[in-house]
Structures are given as C-alpha cells and as structure tokens.
1. What strands (runs of 3 or more DSSP E) lie completely within segment 62-140 and have 2 or more residues being modelled with pLDDT of 95 or more and in contact with a Phe, Trp or Tyr (Cβ under 6 Å, 6 or more places away or on another chain)?
2. Which of (1) part of a loop (DSSP other than H, G, I, E, B); (2) without any contact (Cβ under 8 Å) to a residue 40 or more places away in the chain; (3) of a type outside the set (A, V, I, L, M); (4) under 25 Å from residue 168 (Cα atoms) is the odd one out, the single condition residue 38 does not satisfy?
3. For residue 129, indicate whether it is β-branched (Val, Ile, Thr) and closer than 18 Å to residue 33 by Cβ.
4. Taking the condition surrounded by 22 or more Cβ atoms within 10 Å (Cβ to Cβ) and of a type in the set (S, T, N, Q), does residue 87 pass?
5. Name every residue in segment 124-164 that is crowded, with 19+ Cβ neighbours inside 10 Å, more than 13 Å from the chain's Cα centre (by Cα) and of a type outside the set (S, T, N, Q), in order of residue number.
Amino acid sequence: MNKPPSSAQAPSTTKSVATENDTSETETGDAYREWQSGAGHIIEHHIEEPDWHPLIADVEAVSCQLFDILLTEEGLAETSISICWTNDAHMMQLNENFRGKESPTNVLSFPVDEEDGSGEDDLIILGDIALGRETILTEAEGGGITPHDHVVHLLIHGVLHLLGYDHEEDEDAEEMEACETRLLARVGIANPYDEPLIKSAQEPA
C-alpha cells in the first residue's frame, strides 16, 4: 500500500493509469464508470480488468459514504478522483516504473501536483489510485476478510495517500492507520490491522 516517490511523474488524471489502448465508454459501455457521492465528489473508474465489475458495484455506497466523511473532515468540497481497476501484470509494471519494485502490489496512489489540481467546474483533482485484483483477492482470503471490506479499506488508504498521508515513518504510519481504522468503524468494518497478513502488506514490497 504505497504511493510513488514525490519526484515521480503521476499519470494523466484524465486517462488515469489505464493503458493507452484501453477501450472507451462509447466503445464498450462498461470500461468507464462514474460515481457521484452525496457531497458532490466525482469518482471516475477506468476498468481494465472486467472481473472487477461486480465488486465495484458492491462497494459503491459504502465507499462514497466514507469519501464524503473523510473529504469533509479535510475541508474539501467537490473533488475528483480517478481509480484504475486493473490486474497484477499492470500493477507490477507500475510498481517497477514508479517505485523500482519488480513485483505487483495491492494499491498505488498518484497524487496530483498542487498547481495541476484544478479541473473543470472548479473540481479539485486529487489524483489517481490503481488496484491490483489478484493480489487484493489473495490478501483478503489469506487474512480471513471479505473482498468487499478489503477493497473499501484500500480505497480509503489510497485516498489518504492522495491527501498527503504516508507510512514511511512509524509515527506517520500510526496516524494513518488510526484514521483508516476510525473511518472503517463508521461503516462496521473491523480494524484491518488486527490481521497479521494485512499488517505485513503495509510494509513496502
């Protein structure tokens, strides 16, 4: 659960971290999806791995609820986030390109530079999140938690990275974990850091 070094160039927020030949909404009707939360935040989904579709629909309501809580606490209104739902092969490529790690990972976050953070209609563009399906499902099974709960946790983790939170230092990690745990408790999801497998996944790959 990481974000690239601050010196890394984040992918385009309009195409997210999808590959250039990713199909468009008009071509397939389902490669692109959009959520609008109750507070007006826009969450764009670029779906590279079709097997993600059922789980994306399953986590929509609770994820939007938590995004609204978190972003309100941060004093942000009408933000935009892009999420790339992909597979381990693409995550390994991203992890190598942006972090120098030759392995897949569960989630990567790509914050937008502040000067590039203004979008259309005064939306504040926070950045991109990428999720790797195989790694996430393996972690959920091994940790004894549902894929739903694990994905919701990783989405919150990813958004916190977009907001500047990190876990490189112990004190920062404790703050970030406490925030995640508190938010997840609001929707009845147990503390993910009680699970040894998920705890170990916090460490850089």
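The values are calculated or read from the model by the stated rules, or taken from the named source; none is laboratory data. Predicted, not measured: the structure shown is a model, and the values here were computed from it. Reconstructed Cβ throughout: ideal geometry from the backbone, glycine too, with neighbour counts over all protein chains shown.
1. Fully inside segment 62-140 and qualifying: 124-132.
2. (4)
3. yes
4. no
5. 125, 139, 140, 143, 145, 149
Conditions tested, residue by residue: (1) surrounded by 15 or more Cβ atoms within 10 Å (Cβ to Cβ); (2) of a type in the set (Val, Ile, Thr).
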position: 79; (1), (2): yes, yes
position: 98; (1), (2): yes, no
position: 101; (1), (2): yes, no
position: 170; (1), (2): no, no
position: 178; (1), (2): no, no
position: 181; (1), (2): yes, yes
